[in-house]
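Trainee: Take this structure first; my questions come after.
What follows draws every value from the coordinates through simple rules; no lab data is involved. None of the values given here were measured: they were computed from a predicted structure. Because the Cβ atoms are built from the backbone with ideal geometry, glycine has one as well, and the counts that use them run over all protein chains shown.
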Number of protein chains: 2
Amino acid sequence: MAGTDKTKAEIQAAIQDPMQPAIILVRPQLGQNIGTACRAMLNNGLTDLRLVQPRDGWPNEDAVKAASGAVAVTENAQIFDSLEDALHDIQHAYATTARSRDMIKPVVTGENCAKEIRQKASQNGRCALVFGPERTGLNNDDLTLVDTLVTIPLNPAFSSLNLAQAVLLVGHEWYKLGLDHVEDRKLVKGKAEFATKETLLHFFEHLEQQLDLAGFYPTEEKRPTMVRNIRNLFQRMDITHQEVQTLHGVISSLSGRRKGEE
Amino acid sequence: MAGTDKTKAEIQAAIQDPMQPAIILVRPQLGQNIGTACRAMLNNGLTDLRLVQPRDGWPNEDAVKAASGAVAVTENAQIFDSLEDALHDIQHAYATTARSRDMIKPVVTGENCAKEIRQKASQNGRCALVFGPERTGLNNDDLTLVDTLVTIPLNPAFSSLNLAQAVLLVGHEWYKLGLDHVEDRKLVKGKAEFATKETLLHFFEHLEQQLDLAGFYPTEEKRPTMVRNIRNLFQRMDITHQEVQTLHGVISSLSGRRKGEE
C-alpha cells in the first residue's frame with residue numbers, strides 16, 4: 001500500500017500528535033496479537049499504547065516480532081495494573097465490544113467515534129479506545145468505566161474481527177480525518193510530462209491526414225463527426241508527451257505498411 | 001465487534017449482492033494469508049474470490065483453517081491461470097499497489113475507490129479489486145491490465161499492510177457505503193424502558209423535598225437556580241425507569257441516615 005507523500009517533519013508531527021487517542025488493551029493474551037495491533041496503530045499514526053495486565057508480561061518477544069518494526073509503539077508501551085489506572089488522564093473512553101450486555105451507554109460507529117475523538121481533541125479532551133481480551137472481551141466492570149460503546153458495522157452473519165483488525169479499522173477512521181484533503185484521480189506520472197494541446201493537435205493532424213490518405217472516411221459529410229469522435233477518444237486519455245511520440249510512430253508505421261500492401 | 005441488527009433475509013441479500021466487486025488475489029503465496037483475506041472479505045459482505053495461480057494450489061488446508069468459517073468465500077473461490085482470465089467479465093479493475101512504477105494510471109483513495117465501485121455498479125458495471133503477491137506486489141504486466149490504482153492513506157513512515165488488512169480496509173469502505181444510515185448515539189438499553197417525564201419529575205420532587213428538609217439550599221433566592229442545575233444534570237442521563245427507582249432508594253437511604261445522625 002502506498003502512503004501519501006509527506007516531508008519527514010510532517011511525518012514526525014503526525015506521529016507525535018499529542019491529542020491522539022490512547023489505545024488500551026485490557027488483559028491481552030497472545031503477544032502476537034499485541035504485536036499486530038502495534039502495527040495497525042503505527043500504520044495510522046497512533047503511538048500511545050497502554051497494556052493492562054498483559055497475560056504474558058511485558059516486554060514480550062512474540063509481540064515485538066509480530067510488530068515488524070513498529071518500535072515507536074512497542075518501546076513506549078505503558079503497563080498498568082487496572083483499567084482505572086490506564087484511564088487516569090483520559091476524559092472520554094470508548095470501548096469496542098461485541099456484546100452490549102444491556103448496559104445503558106451511547107453507541108457510535110467507528111467512523112463517528114473517530115469524529116468525536118477529533119472534536120474532543122480540538123477542545124483539549126483526551127480520549128482512549130479500549131479493547132478487551134481476545135476471547136472474552138471486556139467484562140462488566142471494565143465497561144462501566146467507559147463512556148461510549150463503539151460498534152463497527154459489518155456483515156451481521158460474519159462480524160467477528162481479531163484485535164489488530166479492530167484497532168486497524170477504528171484507527172484508520174481516526175487517521176483519515178487528520179489528513180488534508182487527499183488529491184484524487186491524480187495520475188501517477190513519474191517524471192513524464194503531459195502533452196500540451198499543441199502536441200496533441202499536431203498528432204490529430206498527422207492521424208487525420210493519414211486517415212484521409214487511407215480513404216478512412218466514407219463520405220465528406222461524415223468526416224467532421226468522425227474526426228470529433230476520434231479526437232475526443234484520445235483527449236480522454238490524459239496522454240503524455242512521450243506517449244504522443246509513440247502514437248506518431250504507430251501511425252507512421254501503419255500507414256507505411258498499408259502503402260506497401262496497396 | 002458488534003454487527004448491526006438485521007434480519008436473515010437482509011443478511012442473505014447483502015452477501016449475494018450481484019454487483020459486489022470481485023476480489024482477485026494474484027499469485028498469493030501463503031494459504032494463511034488467503035484465509036485471513038477470506039475473513040476480511042466476508043466481514044464486509046464480499047464473496048466473489050478469484051485466485052490467479054495460488055502458489056500452493058487450491059483447495060488449501062492452511063487457507064481454510066485461517067478463514068475460520070468464512071466458507072461462503074473459500075468454497076466458492078474460482079481459480080484462474082492468468083489475471084486476464086480472472087478479469088473476463090469485469091469492466092473496471094482497481095489495483096492496490098505500493099509502487100506506482102511511473103505508470104500512467106489514475107489513483108484513488110480506498111474510500112473513493114469504494115464510491116466509484118458503487119457508482120459503476122448502479123450502472124451495471126462490474127468491478128474488481130486486484131491484490132498482488134505478498135512480497136513483490138503486482139508486476140508491470142498485471143498493472144497494465146488494471147484501470148485505476150488504489151492508495152490507502154497511511155502513516156508515510158509505516159505504511160505497509162498485509163494482504164488481509166488491505167482487503168479489510170478497502171472492503172470496509174465498500175461495505176459501509178451499502179448500509180442504510182446507521183443510527184448513532186442510540187443507547188444500548190436491552191429490555192429497559194427509559195423513564196417517562198412523569199417518573200422523572202416525581203423523582204425530582206422527592207429529591208428536592210429531601211434537600212429542603214436537609215437544609216441544602218443556602219438561601220431561598222438561590223434555590224431555583226440550584227434546582228434547575230440539578231434537574232439538568234439528571235436530565236442529561238437518559239435514565240431508565242429502573243434507574244429512577246434505584247435513585248429513589250439512594251435518596252431515601254441517605255436522608256434516612258442523616259435523620260438518624262442528626
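Trainee: So, R0 is 60 Å and r is the distance between the beta-carbons of A:D212 and B:D17; what FRET efficiency does that work out to, to 0.05? Don't skip to the end; give the middle numbers.
Mentor: Numbers: r = 50 Å, r/R0 = 0.83.
About 0.75, to the nearest 0.05.
Trainee: I've got another one for you. Provide the gained length on full extension for the span B:H248 to B:Q29, in nm with one decimal, where the gain is 0.36 nm per separating residue minus the Cα-Cα distance. Could you put the intermediate results ahead of the total?
Mentor: Values: separation 219, 0.36 × 219 = 78.84 nm, distance 6.43 nm.
Using 0.36 nm per residue and subtracting the Cα-Cα distance, I get 72.4 nm.
Trainee: Counting Lys +1, Arg +1, Asp -1, Glu -1, what net charge surrounds A:L51 among other residues with beta carbon under 12 Å of its beta carbon?
Mentor: Local charge sum for A:L51: -1.
Trainee: Now a separate question. For B:N229 and A:N229, what is the calculated FRET efficiency with R₀ set at 51 Å and r taken between the beta-carbons, to the nearest 0.05? Could you put the intermediate results ahead of the total?
Mentor: Values: r = 73 Å, r/R0 = 1.44.
Computed FRET efficiency for B:N229 and A:N229: 0.10.
Trainee: Enumerate the calculated ³J(HN,Hα) couplings along segment A:32-37 in order (Karplus 6.51 cos²θ - 1.76 cosθ + 1.60, θ = phi - 60°), each rounded to whole Hz, writing x wherever the residue is Gly or Pro.
Mentor: Computed from phi, the couplings for segment A:32-37 are 4, 5, 5, x, 5, 5 Hz.
Trainee: So what's the net charge close to B:G125: Lys and Arg +1, Asp and Glu -1, counting the other residues with Cβ under 12 Å from its Cβ?
Mentor: Details: positive: B:R118, B:K120, B:R126; negative: B:D89, B:E116, B:D147.
Within the 12 Å Cβ shell, the charges total 0.
Trainee: Here's something else I'd like to know. So what is Rg over Rh here for segment B:50-143, counting just Cα atoms and using Kirkwood for Rh? Can you show the working numbers first?
Mentor: Numbers: Rg = 14.7 Å, Rh = 15.1 Å.
Rounded to two decimals, Rg over Rh is 0.98.
Trainee: How far apart, in nm, are the 7 Å Cα→Cβ label points at A:D81 and B:R135?
Mentor: So the two model labels end up 4.8 nm from each other.
Trainee: Also, I was wondering about something else. For A:K105, list long-range residues whose amide hydrogen, built 1.01 Å from N in the peptide plane, is under 5 Å from its own amide hydrogen.
Mentor: Under 5 Å from the amide H of A:K105 lie the amide H atoms of B:V188, each far enough along the sequence or on another chain.
Trainee: Just the ratio, please: alpha-carbon radius of gyration of segment B:192-262 over 2.2 N^0.38 Å, N its number of residues. Present the calculation step by step, with values, prior to reporting the outcome.
Mentor: Details: Rg = 12.8 Å, N = 71, 2.2 N^0.38 = 11.1 Å.
My calculation over the Cα atoms of segment B:192-262 gives 1.16.
Trainee: What residues have an amide H closer than 5 Å to that of A:I79, excluding those fewer than 5 places away on the same chain, when H is modeled at 1.01 Å from N in the peptide plane?
Mentor: A:L51
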